[in-house]
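Asks: Below you will find the structure I want to go over with you.
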Amino acid sequence: MTSRTFHLLYEEARYYQLTPMIKELERWKQEREQRRMAQPCDCLVVRVTPDLGERIALSGEKVLIEEIFPETGDVMCNSVNAGWNQDPTHVIRFPLNGYCRLNSVQVLERLFQKGFSVAASCGGGVDSSQFSEYVLCREDRRSLSINTPIRIKQEPLD
């Protein structure tokens with residue numbers, strides 16, 4: 001709904017004294033403004049499949065994955081033609097445990113230690129193709145450093 005449409009609908013609801021509609025429109029407008037002011041966040045998707053033991057794949061920003069799993073840095077930079085490396089800044093289903101020896105519990109523990117929390121999860125599949133996916137988020141560290149004021153301690157001079 002455009003702002004003009006909203007304004008016209010709101011004015012019409014006021015004219016006809018449709019109190020429930022007015023309240024709902026005000027609630028909708030407030031939610032929309034809150035979403036606009038929402039803090040950016042870092043997000044990663046962890047996909048776990050039980051193929052041949054356990055396969056763990058990560059999707060997300062390369063810089064973020066390298067920050068949390070530094071042992072993957074060289075692989076991401078040097079693997080130009082890999083199927084998971086189609087974008088210069090992000091990877092899709094990067095095979096994490098192909099490059100570092102971690103199981104899914106250890107991967108999730110490391111993410112939790114770095115400030116992530118589970119925002120959503122799902123799972124499914126049939127006998128030979130089961131999977132679990134977790135969407136993990138944390139407040140964007142870059143936005144925190146931008147918005148945090150720098151305070152300088154002031155001491156009286158003698």
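The values are calculated or read from the model by the stated rules, or taken from the named source; none is laboratory data. All values derive from a computational prediction rather than experimental measurement. FYI the Cβ positions are ideal-geometry reconstructions off the backbone, even for glycines, and counts take in every protein chain you see. The protein model used for the area step is the full one, side chains on, heavy atoms only, and it has no ligands, DNA or RNA in it. Shrake-Rupley method; radii C 1.70, N 1.55, O 1.52, S 1.80 Å.
Asks: Has the stretch 30-46 got at least one residue that is in a helix (DSSP H, G or I), open to solvent by less than 50 Å² (accessible area, probe 1.4 Å) and either under 19 Å from LEU136 (Cα atoms) or modelled with pLDDT of 85 or more (or both)?
Replies: Among the residues of the stretch 30-46, not one is in a helix (DSSP H, G or I), open to solvent by less than 50 Å² (accessible area, probe 1.4 Å) and either under 19 Å from LEU136 (Cα atoms) or modelled with pLDDT of 85 or more (or both), which makes the answer no.
Asks: So which pairs qualify, if the first residue must be in the stretch 26-46 and on the phi < 0 side of the Ramachandran plot, the second must be acidic (Asp, Glu) and part of a loop (DSSP other than H, G, I, E, B), the Cβ gap must be under 6 Å, and the two must be at least 6 apart or on different chains?
Replies: Short answer, once both residue conditions are applied: PRO40/ASP140; CYS41/ASP140; ASP42/ASP140.
Asks: Within the stretch 67-115, track down each residue that is closer than 16 Å to ARG47 by Cα, of a type in the set (A, V, I, L, M, F, W, C) and modelled with pLDDT under 85.
Replies: Listed by number, the list holds a single entry, TRP84.
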